[in-house]
Structures are given as structure tokens and as C-alpha cells.
1. Can you confirm whether Val123 is surrounded by 13 or more Cβ atoms within 10 Å (Cβ to Cβ), of a type in the set (A, V, I, L, M) and modelled with pLDDT under 85?
2. Which of the residues that make up the stretch 98-119 are out of contact with any Ser or Thr (no Cβ under 6 Å at 6 or more places or on another chain) and under 15 Å from Ala79 (Cβ atoms)?
3. Under 7 Å by Cβ, and 6 or more places apart or on different chains, what pairs join a residue from the stretch 105-128 that is farther than 14 Å from Leu56 by Cβ with one that is of a type in the set (Lys, Arg)?
4. When only residues in the stretch 97-132 that are polar (S, T, N, Q) and part of a strand (DSSP E or B) count, which is nearest to Cys51 (Cα to Cα)?
5. Could you tell me how many of the residues in the stretch 59-90 are in contact with a Gly (Cβ under 7 Å, 6 or more places away or on another chain), within 17 Å of Pro47 (Cα to Cα) and either modelled with pLDDT under 95 or in a strand (DSSP E or B) (or both)?
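The values are calculated or read from the model by the stated rules, or taken from the named source; none is laboratory data. Remember, it's a predicted structure, so these values are computed and weren't measured experimentally. FYI the Cβ positions are ideal-geometry reconstructions off the backbone, even for glycines, and counts take in every protein chain you see.
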Amino acid sequence: MSRRLLPALAAGLLVLVTPTGGAAEAAWSDAGALTGTTVTAAGPTGPVLSCGLLTLGGAQVTWTAVPGATGYRVRYSGADHDVSAATLSQSFTAVLGSSTVTVSALLGSTWVSTASNTRTVTVVGGLVGVCT
């Protein structure tokens, strides 16, 4: 083989094995615009709230444990009440009229689950407790 032919042959082989790009590169260069103002992410689901014991002058709600919960936020009478992770019920004995109750799981110091389903607790005249 002549010395001139050897570099030409090497250059030809180099062209055959050099990647040329293609569809895989195009996937990384596609542009798209974001619209809207709300970002939604999947988070932990909340507990399931149920009616518990009904007693003379009171009513109770209970909820399912959420794995990893560090506490629970019970909302009733328009205010939040945080309780420990070991607490899975709340008793009501002095509700004036009716109060809607929901519960969310606390996970660490910043994460809060979605709210549970709602229950309405009513204590009539301090004598009869009702949960619906």
C-alpha cells in the first residue's frame, strides 16, 4: 500500500465510526413553553375520618393512621388543633351547635397531607352527642 492511500483509508474508517447525531439528540433540544400559574404535585393522602363513640353529652371522631405521620392537624370550629402521632381520635363534649371536622397528617415540620373527608359533630344542650 502506498503512503498516500493509508491516510485516506484511515480517514474513511473514521467517518464510518463517527456518530452523526439524529433523533436521540433532537429529544434533548425540543423546546416547550409552560403556561398557567399553578404547580401541582402528588402528596401524601390524608387519613379517613369516621364517627366514633357517642356518649351522653358528647361525640367522638376517629381516623386512620397515615404511615410516617409525625402528628395530626384536627380542624374544627374554624381553628387547627395539632395532636401527636399516637392520637387517632378526638372527643367533643362542649360543642355549641354543630362543628365540621377534618384531619390532615403532619409529616415532619413542613409537609401536610390532604384533608380527610368531613364529619359533622353536634352536641345538643350538652346532653346528646351526634356525629354524621
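1. yes
2. Residue satisfying the conditions is Val101 alone.
3. The qualifying pairs are Leu106/Arg73; Val112/Arg73.
4. To start, the set of residues in the stretch 97-132 that are polar (S, T, N, Q) comprises 98-100, 102, 104, 109-110, 113-114, 116-118, 120, 122, 132.
Cutting the leftovers down to part of a strand (DSSP E or B) gives us 98-100, 102, 104, 120, 122.
On the way: Ser98: 14, Ser99: 13, Thr100: 12, Thr102: 12, Ser104: 16, Thr120: 9, Thr122: 12 Å.
Checking each candidate, the answer is Thr120.
5. 7
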